[in-house]
Each structure stands twice: as structure tokens, then as C-alpha cells.
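Read the structure below first, then the notes.
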2 protein chains.
Amino acid sequence: MQLNIRKGKKEDCSAVLELIRELAVYEKEPDAVDVDLTQLEEDGFGEDPAYDLLVGEIDGEIKGCAIYYQKYSTWKGRALYLEDLIVTESARGKGLGLALFKAVIQEAYDRAAGRMEWQVLDWNKPAIDFYKDFGASIEDEWLNGRFSKEQIAKICEA
Amino acid sequence: MQLNIRKGKKEDCSAVLELIRELAVYEKEPDAVDVDLTQLEEDGFGEDPAYDLLVGEIDGEIKGCAIYYQKYSTWKGRALYLEDLIVTESARGKGLGLALFKAVIQEAYDRAAGRMEWQVLDWNKPAIDFYKDFGASIEDEWLNGRFSKEQIAKICEA
């Protein structure tokens, strides 16, 4: 078995979108993925990329990915935000998630990021334990505020 | 009394840094602000800006600000993340926070952002009520994971 982590390419987006959809099902939001293949390709590999991508392969096939972008902290400056870390269910337990996570930490280090952040669902104990094993701080005092695109339109068109 | 919301300029960074420090005290993390004036100016108004800034004035003086940046959602595409919404304590209750928040929502609308997100501390009831009055969803099921710059270095230099 050969594990390989590499930078993602536009041609990987189809496999990555499958992983994104699989994660949405796991997170109990199967209908939440509005992004389609064309948009994912354009957003990551068009003129003004909005995210960075690493893919994880086992024996040459994409089985996982990490999607991240630069965020800004008014306390720590430019920081790295890990939006998704996904390994397909059938490929778990082989170290691919670990290798992807380490590669993202390395990317944060190479960029001299002021911190690295992500979110995890409070019931996802395997993921929480995974992060805690790395010494990560996992905090529950912040709530997520959100407007959907429809709510934004409703407020602005009122 | 005259309220005014406008785009921030490099020259505003000194007043904005004071607001950031005031917020850190309110959030019980008075020593958390590592960013200094030079960095804040460079990060916002240098060659590769990492954040956008709106300032709120009362009678020509900066009394509040909103700091935000583009984030990426693998479900909704390019989105707007509101990092900080600050009104100095002595100027609260005059509608400046409301005007700033509306201006950020307008910015999300103008960009066709797929959603708008922010975070709020779970004990900050006035802020939570303020957001709920807008119909925002406020969720508590996500935990924040984090590595500091020092932790990143420790992992990568091991």
C-alpha cells in the first residue's frame, strides 16, 4: 500500500466533490452542497483562487483531501483555516488523514501562519480525539453566526 | 450627532488597533493581540491585503469598525467572514454597530457571497440577541480547533 500526498489539480475536482458530498452526508446535511463541479474548478483553479487543495492517494487513487485558505486574525495576523479534512470511509484507519493533517500543518509552518484553525462537530468524538492527540486546543465557547445567501438578499432587498 | 460608515484607509489603522485591543479586553484575553500597527497597516493596505475594513464615525471620529475577509465554503462557495465588529464602549447604543453590521451585509450582497459567517462568545448575550433580531442562525454544535504559531513550529521542527 502506497500513501501519497500532493497538491491538488483542476482534474482532481471531480473526486474532491465526491468527498465533499460524502462529508456532508456524514455531517447530516446531505442537501447542503450547492457547489457543483464547474464552480469548484473555477473557485480553486481559475483566475482568483479562493482555496488551496491537497489530495491524498492510496495506490494512485484519490481517497482523501484537505481544503484550506488564508484567514485573518486581528490578534495573530495571517492565519491558515482548514475548511475540510476528508478521508473516504472505506480508506480510513490507514494513516491518510494523519498524513493530510500533517501536510496542512507543514503548509501553515511554511507560510509562517500566525495560527491554524478549523472546526469540528461536537459529536464527532473520533475527530476530536484525533486533534487532541496532536495537542490542539478544542474550544466550545464560541457560537457560529450565519446568514444564508437568501437571508442576505432578503435584508438588502427589503 | 452624525453617523458615518466608510471604507477604511491605512491612516485609520491606529484607531482600529485601539478598538481591537479594547475588544480583546472585553473578551477576557487582554494579552492576546500580537499584531502591531505596522503589521495591521501592511496586512490591510500592503501589496496583498488580507482583510477589508469599514470604519464607523460619530461626528467625524472613529468609534467603531468591522473587519472581514473572503472565506471559502465547500458547500456554498465564496463567502464573507466577519472577523470583528467593534464599537467602543462609550459610543454604544447610538446605532453605530447596527449601521456597521448592515454595511457588511450589504458588502456580502454586492459580492454575491454564498453565505456570511461570524462567531460570537456564548456568554455575550447582548451580541447574540442583536444577531438573532436580524434572523441570523446562531449554532452551538461546532467546536473551534486551533494550533498556535508555537505549536505549529513544535510539530514541524520535531
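The values are calculated or read from the model by the stated rules, or taken from the named source; none is laboratory data. These figures come from a predicted structure and were not determined experimentally. As a convention, Cβ positions derive from the backbone with ideal geometry for all residues, glycine included, and neighbour counts pool all protein chains shown. Just the protein is used for accessible areas: all its heavy atoms, side chains included, with ligands, DNA and RNA removed. Shrake-Rupley method; radii C 1.70, N 1.55, O 1.52, S 1.80 Å.
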Membrane-span-like helices (DSSP H runs, Cα span along own axis at least 15 Å, mean Kyte-Doolittle at least 0.5) in chain B -> B:13-26, B:96-110
Rounded to the nearest 100 Å², the accessible area hidden between B and A, summed over both chains at a 1.4 Å probe radius, is 6700 Å²
In segment A:3-156, taking the dipole from +1 charges on Lys and Arg beta carbons and -1 charges on Asp and Glu beta carbons about the Cα centre, the listed residue (A:Gly77, A:Tyr26, A:Leu96) farthest towards the positive end is A:Gly77
Inter-copy distances for B:Asn124, label 7 Å out on the Cα-Cβ vector, sorted ascending, nm, one decimal, are 2.4
Output row for B:Met1: copy-to-copy label distances, label 7 Å along Cα→C-beta, ascending, in nanometres, one decimal, is 6.5
Note to self, chain B gives a 222 nm [θ] from helices alone (DSSP H runs n ≥ 4, -39500 (n - 2.57) apiece, / all residues, nearest 500) of -10500 deg cm²/dmol
Checking A:Arg92, A:Arg115, A:Arg146 against a Gaussian network model of chain A (alpha-carbon springs below 10 Å), the top fluctuating residue turns out to be A:Arg146
Rounded to the nearest Å, the spacing of the alpha-carbon centers of segment B:34-61 and segment A:51-87 is 27 Å
The protein assembly as shown accessible area per residue, 1.4 Å probe, protein heavy atoms, integer Å², reads 49 Å²
Surrounding charge for B:Glu150, neighbours by C-beta under 12 angstrom, Lys/Arg +1, Asp/Glu -1, total +3
Magnitude of the Cβ-charge dipole (Lys and Arg +1, Asp and Glu -1) of segment B:77-158 about the Cα centre, nearest 20 debye, reported as 200 debye
Mean per-residue count of partner chain Cβ within 10 Å for A:118-130 equals 3
Amide H contacts under 5 Å for A:Leu121, restricted to residues at least 5 apart in sequence or on another chain and with H modeled in the peptide plane, are B:Leu143
For segment B:3-156, the dipole about the Cα centre with charges only on Cβ (Lys and Arg +1, Asp and Glu -1), to the nearest 20 debye, works out at 560 debye
Reduced to Cα centres, the span from segment B:140-158 to segment A:97-158 in Å works out to 11 Å
Per residue, the convex hull enclosing the alpha carbons of segment A:3-156 has a volume in Å³ of 149 Å³
The equivalent-ellipsoid semi-axes of the protein assembly as shown, taken as the square roots of five times the Cα gyration tensor eigenvalues and listed largest first in whole Å, are 34, 21, 18
Computed on Cα atoms, the radius of gyration and Dmax of segment A:71-158 in angstrom are 16.3, 52
In debye to the nearest 20, the charge dipole size for the protein assembly as shown, taken about the Cα centre with +1 at each Lys and Arg Cβ and -1 at each Asp and Glu Cβ, equals 120 debye
Among segment B:37-72, those whose backbone N falls under 18 Å of a label point 7 Å along Cα→Cβ from B:Lys10 are B:37-55
Averaged over residues of A:4-16, the number of beta carbons from other chains lying within 10 Å of each residue's Cβ is 0
GNM on chain A, Cα springs under 10 Å; top mean-square fluctuation among A:Glu41, A:Glu107, A:Glu141 goes to A:Glu141
A 1.4 Å probe over the protein heavy atoms gives chain B a carbon and sulfur accessible-area percentage of 45 percent
If labels are modelled 7 Å from Cα along the Cβ direction, A:Ala112 lies from its partners in the other copies at nm distances, smallest first, of 3.7
Chain B, Gaussian network, Cα under 10 Å: of B:Ala15, B:Ala32, B:Ala66, the residue fluctuating most is B:Ala32
